[in-house]
1. Can you name the strands (runs of 3 or more DSSP E) wholly within the stretch 153-251 that have at least 2 residues being buried (at least 22 other Cβ atoms within 10 Å of the Cβ)?
2. Considering only residues of the stretch 130-146 that are surrounded by fewer than 16 Cβ atoms within 10 Å (Cβ to Cβ) and farther than 14 Å from Ile189 by Cβ, which is nearest to the ligand (Cβ to nearest atom)?
3. Please name all residue pairs, on different chains or six or more residues apart, with Cβ atoms under 8 Å, provided the first residue is in the stretch 384-395 and is touching a residue at least 24 places away in the same chain (Cβ under 8 Å) and at positive phi and the second residue is in a loop (DSSP other than H, G, I, E, B) and not basic (Lys, Arg).
4. What number goes with the only condition from (1) near the ligand (Cβ under 10 Å from one of its atoms); (2) surrounded by fewer than 22 Cβ atoms within 10 Å (Cβ to Cβ); (3) modelled with pLDDT of 95 or more that Gly127 does not pass?
5. Determine whether the stretch 345-359 contains at least one residue that is under 24 Å from Asp279 (Cβ atoms), assigned to a helix (DSSP H, G or I) and either modelled with pLDDT under 90 or under 20 Å from the mean Cα position of the chain (by Cα) (or both).
6. Which is outside the structural domain of Asn301 (by TED's automatic domain parsing), free of Cβ contacts under 8 Å to residues at least 40 places away in the same chain and either in contact with an Asp or Glu (Cβ under 7 Å, 6 or more places away or on another chain) or within 30 Å of Tyr217 (Cα to Cα) (or both), of Glu63, Glu30, Glu107, Glu15?
7. With the requirement that a residue be in a strand (DSSP E or B) and of a type in the set (A, V, I, L, M, F, W, C), what does the stretch 128-152 give you?
8. Within the stretch 85-104, how many residues are in a helix (DSSP H, G or I) and either without any contact (Cβ under 8 Å) to a residue 12 or more places away in the chain or among the small types (Gly, Ala, Ser) (or both)?
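The values are calculated or read from the model by the stated rules, or taken from the named source; none is laboratory data. It should be emphasised that the depicted structure is a prediction, and the values quoted were computed from it without experimental measurement. Because the Cβ atoms are built from the backbone with ideal geometry, glycine has one as well, and the counts that use them run over all protein chains shown.
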Amino acid sequence: MDLRFTPEEQAFREEVRAFIRENLPKDIRERMYLGDKASKEDIVTWQRILNKKGWATYSWPKEYGGPGWTPIQKMIFLEENLLAPAPELSGFNITMIGPVLIQFGTEAQKKKFLPRAANLDDWWCQGFSEPGAGSDLASLKTSAKREGDHYVINGSKIWTSTAHLADWVFLLVRTNPNARKRQEGISFILVDMKTPGVTVRPIISIDGAHHLNETFYDDVRVPVENLVYVENKGWDVAKFLLGNERTGIARIGKSKERLRFAVEHARDMRAGGKPLIEDPAFRQRVAQLEVDVKALEITQNRVVSAAAKQQDGKPDPLSSALKIKGSELQQLTTELAMDVGGPLSMPFWHKNGETLSNEPELGPDWASEATAAYLFLRAASIYGGSNEIQKNILTKAVLGL
Ligand SMILES: Cc1cc2nc3c(=O)[nH]c(=O)nc-3n(C[C@H](O)[C@H](O)[C@H](O)COP(=O)(O)OP(=O)(O)OC[C@H]3O[C@@H](n4cnc5c(N)ncnc54)[C@H](O)[C@@H]3O)c2cc1C
């Protein structure tokens, strides 16, 4: 198999790179380069620029406004976006709810939600996990009972990323508690976050930031037209959505960008009286990571090329290998970036101009931001399906054990 990019693919990469260079606002790029998490405003601004160009909906079919790219082009686009570094598009809007509505939604749902999702006029979040239902998602308990033209929802969800910023949530709820199999009693439903009875409570993560939430649903009345697909068939929708969630899961562009960042700053930092970049142990660590990133990139190209030929739309179980190795490399490259700062990387957090640390700030912003990224990305081996679960998938579907 020839894994080299064709001249057309290389030209496409140049086109994407040039567009991003010319159109990504400088202040956003600088914040992203320092390692800051993109704010809601940054993500909305960038997604709207890409949407105007017709690229935000990179994974949607052409008839719904997608650019009609091949899987390789999509991969190149995602990588260049991360390398820039630019904010990532809203995965909830673009790779989750958009494709779900295209596949399963009614015409009215498509008309109402798709253009707004593409343009981030609505910010979506994902309400799947519950305190007792994470890896074993089918054990979820949040209930929805039909009362006339409404479902009445009761229960709670956890780890709902960005729910505090969201306009809408797509929820998995139990509509039939007596189903023969747990998976057969679940439905997929769209809820306006402003509906009375929805409460969002923050969870502050180890990086000192507010990404995560608990969300509570107390007698939340949702019109039946917000049900997606068929009552009690929500598991089919969830499986489809989780398959799409793995698109670009290796996030190789991010690991490359962090490596580049670490090397750049290692020229200015000193170790043993010399620039850190000249330290043999440091150089060996960088070399090993570069080799690992390259190996993952080749594996990803192999998986994506095979998927492009297969065309049956089913997620390749090998994408689980990309998830495992990709998340490990994100963790190792952010650790490298943090280590470059040495003692200057002591965490130092601000929020809305207020200092959340009781230690004086030691070093430049990039160093403490590198630590925040390192800390947050411990979660990369948990979200999107934990690495242990990915290993279970690999042993069954790939090794046939
Ligand atoms: C940063 C972050 C963001 C998230 N965002 C969202 C979100 O927006 N929306 C949402 O719905 N959810 C979200 N999640 C939840 C995420 O999907 C779950 O955390 C994940 O599925 C694991 O579930 P759990 O936390 O309940 O752990 P558990 O399922 O209880 O697992 C605990 C440990 O046991 C291991 N384990 C479990 N079952 C097995 C098994 N069969 N074999 C081997 N090992 C096993 C797991 O790998 C893990 O190490 C987020 C999580 C994180 C950390």
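1. In the stretch 153-251, 168-174, 186-192, 210-223 are the strands (runs of 3 or more DSSP E) which contain 2 or more residues that are buried (at least 22 other Cβ atoms within 10 Å of the Cβ).
2. The extreme case among them is Ser135.
3. Close Cβ pairs satisfying both conditions: Gly384/Ile249; Gly385/Ser135.
4. (2)
5. Taking every residue of the stretch 345-359 in turn, at least one turns out to be under 24 Å from Asp279 (Cβ atoms), assigned to a helix (DSSP H, G or I) and either modelled with pLDDT under 90 or under 20 Å from the mean Cα position of the chain (by Cα) (or both).
6. None of the others qualify; the one that does is Glu107.
7. The answer is Ala133, Ala144, Val152.
8. Final tally of qualifying residues: 2.
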